[in-house]
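Please read the structure below before turning to the comments.
The values are calculated or read from the model by the stated rules, or taken from the named source; none is laboratory data. Nothing here was measured: the structure is a model prediction, and the numbers come from that model. Virtual Cβ from ideal backbone geometry, glycine too; neighbours counted across all protein chains shown.
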Amino acid sequence: MPQLKLTYFDFDGGRGEPARLAMYIGDIDFEDFRFTFDKFPEVRKTTPLGQVPTLSIDGKQITQGNAINRYLGKLAGLYPEEPMQALLCDEVMDALEDVTNKLVGTFGLEGDALQQAREELTTGPITQYLTWTADRLAEQGGEYFVGNTLSMADLKVFSWIGGLNSGRLDHIPTTLTKEVAPTLQLHWNRIGQLSKIAEYYASR
């Protein structure tokens, strides 16, 4: 097994969380390098594209969160081998990256500008993506996003919904998921109760 080091912000959630969870679930040893937000200007200078997460594999630094997710998913047995199932997994992960990018675009705003932008996101793209994601879950039977087993798509959705529910995002109601896509709220609850995931957060 290669020597792995994940670099991401020091909080539970965000783009780095699916990778952390995958390595824990797969019993993969890794260095979980976390840093506070005020250290980001310094850390980003050490990354290939000035962004995180990054994954160092035997000293080679890899960027792009979903590429990292696919790689670690394969190591942990959480990424489908069958092409159509892999496509469905990728579709969900990439869709959530789209809506996350829209949210990240509001991070530099303040005051009324932030409130207006977040409210527009809430009633527009976030609601749209919640509805679409819930439909994809229903198409797969309502329990997992790919077949009948846990995959990186589930971990990506779990992390995204956790962020929406967290209260860290001003002007985005913590009840939004429950109101717009209750099946995703149930999915979040269920995934969080899986033994390895519950164990991970209990150890934090």
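May I ask you to say which residue of D112, D58, D94 is more than 21 Å from the chain's Cα centre (by Cα) and either closer than 25 Å to D12 by Cβ or free of Cβ contacts under 8 Å to residues at least 24 places away in the same chain (or both)? First the steps, then the outcome.
On the way: D58 fails: either closer than 25 Å to D12 by Cβ or free of Cβ contacts under 8 Å to residues at least 24 places away in the same chain (or both); D94 fails: more than 21 Å from the chain's Cα centre (by Cα).
Only one candidate passes the filter, namely D112.
Of all residues in segment 53-64, those satisfying the criterion of being in contact with a Leu (Cβ under 9 Å, 6 or more places away or on another chain) and assigned to a loop (DSSP other than H, G, I, E, B) are P53, D58, T63, Q64. Within segment 53-67, restricting attention to residues that are surrounded by fewer than 22 Cβ atoms within 10 Å (Cβ to Cβ) and touching a helix residue (DSSP H, G or I) at 6+ places or on another chain (Cβ under 7 Å), the residue that is nearest to K156 (Cα to Cα) is N66.
Yes/no per residue for (1) outside any helix (DSSP H, G or I); (2) farther than 19 Å from G73 by Cβ; (3) among the aliphatic types (A, V, I, L, M):
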site	(1), (2), (3)
M1	yes, no, yes
T7	yes, no, no
G13	yes, no, no
R20	no, no, no
D29	yes, no, no
R34	yes, yes, no
D38	no, yes, no
E42	no, yes, no
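Tell me whether segment 187-204 contains one or more residues that are farther than 20 Å from C89 by Cβ and modelled with pLDDT under 95.
As a first pass, look at segment 187-204 and keep what is farther than 20 Å from C89 by Cβ: 189, 193, 195, 198-204.
Add one more test, that the residue is modelled with pLDDT under 95, and what stays is 203-204.
Within segment 187-204 (the criterion being farther than 20 Å from C89 by Cβ and modelled with pLDDT under 95), the answer is yes, since at least one residue qualifies.
The C-beta contact set for segment 75-86 (first residue hydroxyl-bearing (S, T, Y), second residue at pLDDT 95 or above, distance under 7 angstrom, 6+ apart or interchain) comprises Y79/R70; Y79/G73; Y79/A86; Y79/C89; Y79/S151; Y79/M152. Of the residues in segment 174-182, at least one is within 21 Å of L121 (Cα to Cα), without any contact (Cβ under 8 Å) to a residue 12 or more places away in the chain, among the β-branched types (V, I, T) and in a loop (DSSP other than H, G, I, E, B).
For I68, the conditions (1) among the β-branched types (V, I, T); (2) within 23 Å of L184 (Cβ to Cβ); (3) assigned to a helix (DSSP H, G or I) all hold with the exception of (2). Among the residues making up segment 52-71, those that are among the hydrophobic types (A, V, I, L, M, F, W, C) and farther than 11 Å from K5 by Cα are V52, A67, I68.
Matching residues to (1) of a type in the set (K, R); (2) outside the structural domain of D90 (by TED's automatic domain parsing); (3) closer than 12 Å to G13 by Cβ; (4) not in a helix (DSSP H, G or I):
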site	(1), (2), (3), (4)
F158	no, no, yes, no
L164	no, no, yes, no
H171	no, no, no, yes
L184	no, no, no, no
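Among the residues of segment 154-167, is there at least one that is surrounded by 15 or more Cβ atoms within 10 Å (Cβ to Cβ), of a type in the set (D, E) and under 16 Å from the mean Cα position of the chain (by Cα)? Yes. Condition (residue is closer than 14 Å to D170 by Cβ and more than 20 Å from the chain's Cα centre (by Cα)) applied to segment 101-109: is it met by at least one residue? Yes: segment 101-109 contains one or more residues that are closer than 14 Å to D170 by Cβ and more than 20 Å from the chain's Cα centre (by Cα). Just one of the listed residues (R44, R34, R20, R15) is among the basic types (K, R), under 23 Å from V157 (Cβ atoms) and surrounded by fewer than 19 Cβ atoms within 10 Å (Cβ to Cβ), namely R34.
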